[in-house]
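What follows is a short report on a single structure.
The values are calculated or read from the model by the stated rules, or taken from the named source; none is laboratory data. These figures come from a predicted structure and were not determined experimentally. Cβ atoms come from the backbone with ideal geometry, glycine included; neighbour counts cover every protein chain shown.
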Amino acid sequence: MRAALAGPLLVVLCAVVEGFSQVCFKKSALAPARRHFWIGTGVALFVLQAALYTVALQFVEVSTAFPIGSFAYVVVAILSRRILDEPVTRTRWLGVGFVIAGVSLLAGQA
Amino acid sequence: MKRGLPAWLTARLALAIALDSAVQLLWKLAALQLPGSLSPSALAAAALHQPLFLLLGALFVWQLANWLRVLEASDLSYSQPITSLSFVSVFALSVLFLGERVDAAKIFGIAFVFAGVWLIGRTPHDRRAGAAGTP
């Protein structure tokens, strides 16, 4: 895999792992009987995401990684809809779009 | 924020944003104090002896405990994007204390984040509560 692609792809992978980590944390609130399992899985995924992100930063600048990393908001919205059955409405999607644009502008020249 | 959001939940979300901002800034400071060109294992060992990393660990635990309380009373797709306000607070702190420059793109960035959070705040915060909101 070319180094130029490795960094951005790793950041995208981080966003996906972060999304699943957040779903586990939410699951811990929805299923008290398996609370510790979901929190443990969420923390493990969080640690994996932090490790991947550290590796990714060896290939890509922070100013590039932040906007790509904000893809996590999209992942969370999709997973919330598909796995948690949350009502991700058009207004919420629009809000997520504004947030991603804002984060990209804020971090774009970091 | 949408009317009807409990005060304690608003406070927890504000705490989540504050803790996220503190973690981001501390992480930067802590990383700067580590020696460069070390292997990952040597880097991890060096981090364990760095007081700032111990403080970071404590903040992570506090952040997780607070976040789990937030998720007990709100949708993940509602609360998670709201924490993006930490990007604004980190930027504001960087301008105040690190001399980061402000330009038009960053002003627009802040405006977009606020607009996004405002839009998300207009939707029901918890589907189980059955609260009315903008579709």
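Results for (1) among the aromatic types (Phe, Trp, Tyr); (2) surrounded by fewer than 20 Cβ atoms within 10 Å (Cβ to Cβ); (3) under 20 Å from B:Ser74 (Cβ atoms), shown as yes or no for each residue.
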{"residue": "A:Leu30", "(1), (2), (3)": "no, yes, yes"}
{"residue": "A:Phe46", "(1), (2), (3)": "yes, yes, yes"}
{"residue": "A:Leu52", "(1), (2), (3)": "no, yes, no"}
{"residue": "A:Leu57", "(1), (2), (3)": "no, yes, no"}
{"residue": "A:Ala65", "(1), (2), (3)": "no, no, no"}
{"residue": "A:Val88", "(1), (2), (3)": "no, no, yes"}
{"residue": "A:Ala101", "(1), (2), (3)": "no, yes, no"}
{"residue": "A:Leu105", "(1), (2), (3)": "no, no, no"}
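When you go through (1) at the interface with chain B (Cβ under 7 Å from one of its Cβ atoms); (2) closer than 16 Å to B:Leu68 by Cα one by one for A:Gly40, which number turns out not to apply?
Only one criterion is unmet by A:Gly40, namely (1).
Rundown of residues vs (1) more than 9 Å from chain A (Cβ to nearest Cβ); (2) surrounded by 16 or more Cβ atoms within 10 Å (Cβ to Cβ); (3) in contact (Cβ under 8 Å) with a residue 60 or more places away in the chain; (4) not small (Gly, Ala, Ser), yes/no style:
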residue	(1), (2), (3), (4)
B:Asn66	yes, yes, no, yes
B:Leu96	yes, no, no, yes
B:Ala104	yes, no, no, no
B:Leu119	no, yes, no, yes
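Only one of these conditions is not met by A:Thr41: (1) surrounded by fewer than 18 Cβ atoms within 10 Å (Cβ to Cβ); (2) at pLDDT 85 or above. Which number is it?
For A:Thr41, the exception is condition (1).
Looking at the stretch B:31-116, what helices (runs of 4 or more DSSP H) fall wholly within it and have at least 2 residues that are over 17 Å from B:Ala14 (Cα atoms) and either over 18 Å from the mean Cα position of the chain (by Cα) or at pLDDT 95 or above (or both)?
On the way: elements: B:40-48, B:51-72, B:76-82, B:85-98.
Of the helices (runs of 4 or more DSSP H) lying wholly inside the stretch B:31-116, those with at least 2 residues that are over 17 Å from B:Ala14 (Cα atoms) and either over 18 Å from the mean Cα position of the chain (by Cα) or at pLDDT 95 or above (or both) span B:40-48, B:51-72, B:85-98.
Out of the stretch B:47-91, which residues are closer than 25 Å to A:Pro32 by Cα and of a type in the set (Phe, Trp, Tyr)?
Hits for the stretch B:47-91 are B:Phe60, B:Trp62, B:Trp67, B:Tyr78.
Quick one: how many residues across the stretch B:80-93 are in contact (Cβ under 8 Å) with a residue 12 or more places away in the chain, among the small types (Gly, Ala, Ser) and more than 9 Å from chain A (Cβ to nearest Cβ)? Don't jump to the end; show me each part of the working.
At the first step, the residues of the stretch B:80-93 found to be in contact (Cβ under 8 Å) with a residue 12 or more places away in the chain are B:81-91, B:93.
Still in the list and also among the small types (Gly, Ala, Ser): B:84, B:86, B:89.
In the following step, the residues that additionally are more than 9 Å from chain A (Cβ to nearest Cβ) were identified as B:86, B:89.
Number satisfying all stated conditions: 2.
Is the stretch A:90-98 home to any residue that is in contact (Cβ under 8 Å) with a residue 24 or more places away in the chain, in a helix (DSSP H, G or I) and crowded, with 19+ Cβ neighbours inside 10 Å?
So far as the stretch A:90-98 goes, no, none of its residues is in contact (Cβ under 8 Å) with a residue 24 or more places away in the chain, in a helix (DSSP H, G or I) and crowded, with 19+ Cβ neighbours inside 10 Å.
So B:Ala42 clears everything in (1) surrounded by fewer than 17 Cβ atoms within 10 Å (Cβ to Cβ); (2) more than 9 Å from chain A (Cβ to nearest Cβ); (3) within 19 Å of B:Leu19 (Cβ to Cβ) except one condition, right? Which one?
Looking at each condition in turn, B:Ala42 falls short on (3).
Identify the single condition in (1) outside any helix (DSSP H, G or I); (2) exposed (fewer than 13 other Cβ atoms within 10 Å of the Cβ) that B:Trp8 does not satisfy, given that it satisfies every other one.
(1)
Would you check which residues across the stretch A:23-69 are of a type in the set (A, V, I, L, M) and not in a helix (DSSP H, G or I) and list them? Write out each step before concluding.
Let us first name the residues in the stretch A:23-69 that are of a type in the set (A, V, I, L, M), namely A:23, A:29-31, A:33, A:39, A:43-45, A:47-48, A:50-52, A:55-57, A:60, A:62, A:65, A:68.
Once the filter is applied, which keeps residues that are of a type in the set (A, V, I, L, M) and not in a helix (DSSP H, G or I), the stretch A:23-69 yields A:Ala31, A:Leu57, A:Val60.
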